[in-house]
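Trainee: I am attaching a structure below and will ask some questions about it afterwards.
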Amino acid sequence: MRDGIFGIAFQGSVAAGIGMMIFDSGRIYGTDTEGARYDGEYFYNENTKMVDAIVKITMLPNVLAVFGISNPYEWAFDVTTSLDPKTNAGQLVVKTSIGQSLHATYKFLRSLPDAA
């Protein structure tokens, strides 16, 4: 999996969203336009030849998630997905820890800069 910045778009049962994710030496972090924070990890799966990602999504209070849930407090859920490490763009099925799946797309935008 190439480290870098990826643009993402996703569709839930009631809304859609866009954001960005940074893949950096096994770590994932990012955000979306509603302010949700993404923190997780990724690793190469020798059996499937795919990159598996596990990400905690932290939602802000009173923000409606794309699958229709909103809470008056900060809350979080986990998502998992697999990406083809040989492609710069693709489609994903994202499974959530609350039992709903999302359809998403990703696109490699740029490499990470060298340390300053």
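The values are calculated or read from the model by the stated rules, or taken from the named source; none is laboratory data. All values derive from a computational prediction rather than experimental measurement. With ideal geometry, Cβ positions are generated from the backbone for all residues, glycine too; neighbour counts draw on all protein chains shown.
Trainee: Working only within the range 58-116, note down all residues that are loosely packed, with under 12 Cβ neighbours inside 10 Å, of a type in the set (Gly, Ala, Ser), farther than 13 Å from residue 12 by Cα and in contact (Cβ under 8 Å) with a residue 24 or more places away in the chain.
Mentor: 111
Trainee: Could you tell me whether the range 37-53 includes any residue that is of a type in the set (Asp, Glu) and without any contact (Cβ under 8 Å) to a residue 12 or more places away in the chain?
Mentor: Step one: list which residues in the range 37-53 are of a type in the set (Asp, Glu), which gives 39, 41, 46, 52.
After this cut, where a residue has to be without any contact (Cβ under 8 Å) to a residue 12 or more places away in the chain as well, the list is 46.
Within the range 37-53, one or more residues are of a type in the set (Asp, Glu) and without any contact (Cβ under 8 Å) to a residue 12 or more places away in the chain.
Trainee: If you don't mind, there's one more thing I want to ask. Only one of these is at pLDDT 95 or above and hydrophobic (A, V, I, L, M, F, W, C): 43, 67. Name it.
Mentor: Being at pLDDT 95 or above and hydrophobic (A, V, I, L, M, F, W, C) holds for just one of 43, 67, which is 43.
Trainee: Inside the range 29-57, can you point out the residues that are of a type in the set (S, T, N, Q) and exposed (fewer than 13 other Cβ atoms within 10 Å of the Cβ)? Walk me through how you get there before you give the answer.
Mentor: Quick first cut of the range 29-57, residues of a type in the set (S, T, N, Q) only: 31, 33, 45, 47-48.
Answer for the range 29-57, where residues must be of a type in the set (S, T, N, Q) and exposed (fewer than 13 other Cβ atoms within 10 Å of the Cβ): 33, 45, 47, 48.
One line per residue, one yes/no per condition, for (1) out of contact with any helix residue (DSSP H, G or I) (no Cβ under 9 Å at 6 or more places or on another chain); (2) basic (Lys, Arg); (3) in a loop (DSSP other than H, G, I, E, B); (4) closer than 16 Å to residue 24 by Cα:
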residue	(1), (2), (3), (4)
68	yes, no, yes, no
72	yes, no, yes, no
78	yes, no, no, no
85	yes, no, yes, yes
92	yes, no, no, no
99	yes, no, yes, no
103	yes, no, no, no
107	yes, yes, no, yes
